[in-house]
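What follows is a single structure, written as structure tokens, with notes after it.
The values are calculated or read from the model by the stated rules, or taken from the named source; none is laboratory data. Model, not experiment: these values are computed from the prediction. For neighbour counting, all protein chains shown are included, and Cβ atoms are generated from backbone atoms with ideal geometry for every residue, glycine included.
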Amino acid sequence: MKFLMVGAGLSGAVIGREMAEAGHDVTVIDARDHVAGNCHTERDPETGVMVHVYGPHIFHTDDDEVWEYVNRFMSFEPYKNRVKSTTQGAVYSLPVNLHTINQFFGKTMRPDEARAFIEEQADTTITDPQTFEEQALRFVGPDLYEAFFKGYTEKQWGCSPTDLPASILKRLPVRFNYDDNYFFHRHQGMPRDGYTPMVEAILDHPNITVRLETPYDPSMRDDHDHIVWSGPLDGYFGFEEGRLGYRTLDFERFTAKGDWQGCAVMNYGDRDVPFTRITEHKHFSPWESHEGSVLYREFSRECGPDDIPYYPIRLVEEKAMLADYVARAEAETNVTFVGRLGTYRYLDMDVTIREALDTARAFLKSDATGAAFPIFVNHPL
């Protein structure tokens, strides 16, 4: 069969590689001039620093198969994400842990004492948190909420935490020990030479043709048996039902000599600081040594028609529009929607790869049995 992968990010690359290894003919197109999508990395010519062009991407997973898969194409170096936060005139460790709690409240509590103390701070009258704010007040109380979550969240999402679902905060742990590793997965690391060479290696197969700076045109359907669409779901339909809401990011890049902030990620929790965080990219490759440094100040705002979509909003209005697009998608033939944009879901890199592998296996099963290929292997709703 002839497959057209629309998008040369992780979804298109992994599915394309699996189908190519099964003997199918694969063409991968992307409107950008590089592969790897938003995890694209490149060397800064001035400093030699490996820059995460669209913001930092840190690989972490408990999925052994996915970990083995990425290491097949690029060796990974150990990397622990240790985030700091500047708020109310001091610097703290995130996620909120025993050190954060003791430092913030000026105490020297043991884990059991801190757990009881935080429970005293919490609003126990909230028994079924529905909003982000209720979730935070129930589990950490007003002081930690104001310092670490409220202002940052208002900047990141452009709305009051009372308008966001509680589920957003459920991904942010509070620890009653001194573990400041932001993630808890067994496998954590960074590709030694960057994500873009890794994706290039995935795409390096005689049955794969890659065409960059090539936007999708509907006429391409005529030359292929099946399309794998990893672009925006609403974009496939020309935004005819309206545009699904996203947040986008603006980066204010600057360079410095030496070590500018001493860590890879510094959050800024105060509402009157306009950016959400500063990332110092050489710290994402701690096995390298560079005299110069490249940093990004990161600003979040509503995504416009010409912006890069980052975070799907998925509030009530967007979910209603999403249902309309899903209904239209399910009436299509010879196309499968995949990935973060194609299914309008926030996905970490490891989940993206897992879903891509599952999609390829679903294709091979359908091909073997003569069944129709699925429109969605991972449903958006």
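Summary of computed values
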quantity: Any hit, segment 341-349, residues being touching a Cys at 6+ places or on another chain (Cβ under 9 Å) and in a helix (DSSP H, G or I); calculated: yes
quantity: Residues of segment 184-195 classified as in contact (Cβ under 8 Å) with a residue 12 or more places away in the chain and not in a strand (DSSP E or B), total; calculated: 6
quantity: Pairs where the first residue, in segment 106-118, is in the same structural domain as Y145 (by TED's automatic domain parsing) and the second is assigned to a helix (DSSP H, G or I) and among the polar types (S, T, N, Q), C-beta under 7 Å, 6+ apart; calculated: T108/N102; M109/N102
quantity: Any hit, segment 172-183, residues being of a type in the set (D, E), part of a helix (DSSP H, G or I), out of contact with any Ser or Thr (no Cβ under 7 Å at 6 or more places or on another chain) and under 30 Å from D270 (Cα atoms); calculated: no
quantity: Contacts under 9 angstrom Cβ, first residue in segment 122-141 being under 12 Å from D163 (Cα atoms), partner at pLDDT 90 or above and among the aromatic types (F, W, Y), 6 or more apart; calculated: F132/F149; F132/W157; E133/Y145; E133/F149
quantity: Where L315 falls short, out of the listed (1) of a type in the set (A, V, I, L, M, F, W, C); (2) under 30 Å from F132 (Cα atoms); (3) surrounded by 20 or more Cβ atoms within 10 Å (Cβ to Cβ); calculated: (3)
quantity: Residue satisfying condition, being closer than 21 Å to Q261 by Cα, among the β-branched types (V, I, T) and touching a helix residue (DSSP H, G or I) at 6+ places or on another chain (Cβ under 9 Å), within set V140, V83, V96; calculated: V96
quantity: Residue within segment 337-345 that is of a type outside the set (V, I, T), farther than 30 Å from M1 by Cβ and in contact with a Leu (Cβ under 7 Å, 6 or more places away or on another chain) present; calculated: no
quantity: Yes/no for D350 being in contact (Cβ under 8 Å) with a residue 40 or more places away in the chain, surrounded by 14 or more Cβ atoms within 10 Å (Cβ to Cβ) and within 22 Å of I15 (Cβ to Cβ); calculated: yes
quantity: Spans of strands (runs of 3 or more DSSP E) in segment 208-305 with at least 3 residues in contact (Cβ under 8 Å) with a residue 60 or more places away in the chain; calculated: 208-211, 226-229, 246-257, 265-268, 292-302
quantity: Options R175, R243, R247, R211: the member that is basic (K, R), more than 30 Å from V91 (Cα to Cα) and surrounded by 15 or more Cβ atoms within 10 Å (Cβ to Cβ); calculated: R243
quantity: Close pairs from segment 32-53: first closer than 13 Å to F284 by Cβ, partner among the hydroxyl-bearing types (S, T, Y) and part of a loop (DSSP other than H, G, I, E, B), Cβ under 8 Å, at least 6 apart; calculated: C39/Y54; V49/S285; M50/S285
quantity: Test for M198: is it of a type in the set (A, V, I, L, M, F, W, C), in contact with a Pro (Cβ under 9 Å, 6 or more places away or on another chain), part of a helix (DSSP H, G or I) and farther than 15 Å from F139 by Cβ; calculated: yes
quantity: Tally, over segment 152-173, of residues that are under 20 Å from Q121 (Cα atoms) and under 21 Å from the mean Cα position of the chain (by Cα); calculated: 6
quantity: Candidates L98, L94, L4, filtered to the one that is buried (at least 19 other Cβ atoms within 10 Å of the Cβ) and touching a Pro at 6+ places or on another chain (Cβ under 8 Å); calculated: L98
quantity: Looking only at segment 350-361, and only at residues there that are over 18 Å from F3 (Cα atoms) and either assigned to a loop (DSSP other than H, G, I, E, B) or of a type in the set (A, V, I, L, M) (or both), the one that is farthest from the chain's Cα centre (by Cα); calculated: I353
quantity: Checking R314 against (1) in a strand (DSSP E or B); (2) at pLDDT below 95; (3) of a type in the set (D, E, K, R), the condition it does not meet; calculated: (1)
